[in-house]
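Any read-out appearing in this document is the output of simple, stated calculations on the displayed coordinates, not a laboratory observation. For clarity, every value in this text was computed on a predicted model and none was experimentally measured. No Cβ is skipped: glycine too gets one built from the backbone with ideal geometry, and neighbour counts run over all protein chains shown.
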Amino acid sequence: MMAGVATRRTWTGDGLGAGHCGRKTLKVIPISGNTQRIAISKDDRWVFTADQTKPQMAVIDTKTDSVAKWIPIEAEGYGGAVTPDGHWFLVALPM
């Protein structure tokens, strides 16, 4: 799978089921062979998604439509969320 991103209101992804909602894919950004669940920063600048094949998170810059950084984590992440104040990103890890 690959992830695609444009803005909060135009997100669509390949293989993300309900994420399509009839919207048009504006850009495809290669992430990994298996990704799912995304989180978007309050200002729509950053998109976060877990690589389901390696213990790492992709940080996508929506201004450049590219992966800005890979963040190593303890295990494969199963989803994440930005805190309401926009200061923290939380990721769910398996037990």
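Tabulated data for the structure shown
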quantity: In nm, spacing of pseudo-spin labels at residue 27 and residue 53 (7 Å Cα→C-beta vector); calculated: 2.2 nm
quantity: In Hz, Karplus ³J(HN,Hα) per residue of region 56-65 (6.51, -1.76, 1.60; θ = phi - 60°; x = Gly, Pro); calculated: 7, 10, 8, 10, 9, 8, 6, 6, 10, 6
quantity: Distance (nanometres) between label positions extended 7 Å along Cα→Cβ at residue 41 and residue 73; calculated: 1.8 nm
quantity: Debye intensity ratio in log₁₀ form over the Cα atoms of region 22-89, taken at each q of 0.13, 0.19, 0.29 Å⁻¹; calculated: -0.35, -0.75, -1.41
quantity: 3J(HN,Hα) from dihedral phi, region 73-86, Karplus parametrisation 6.51/-1.76/1.60, rounded to Hz, x for glycine, proline; calculated: 10, 5, 7, 4, x, 10, x, x, 8, 8, 5, x, 7, x
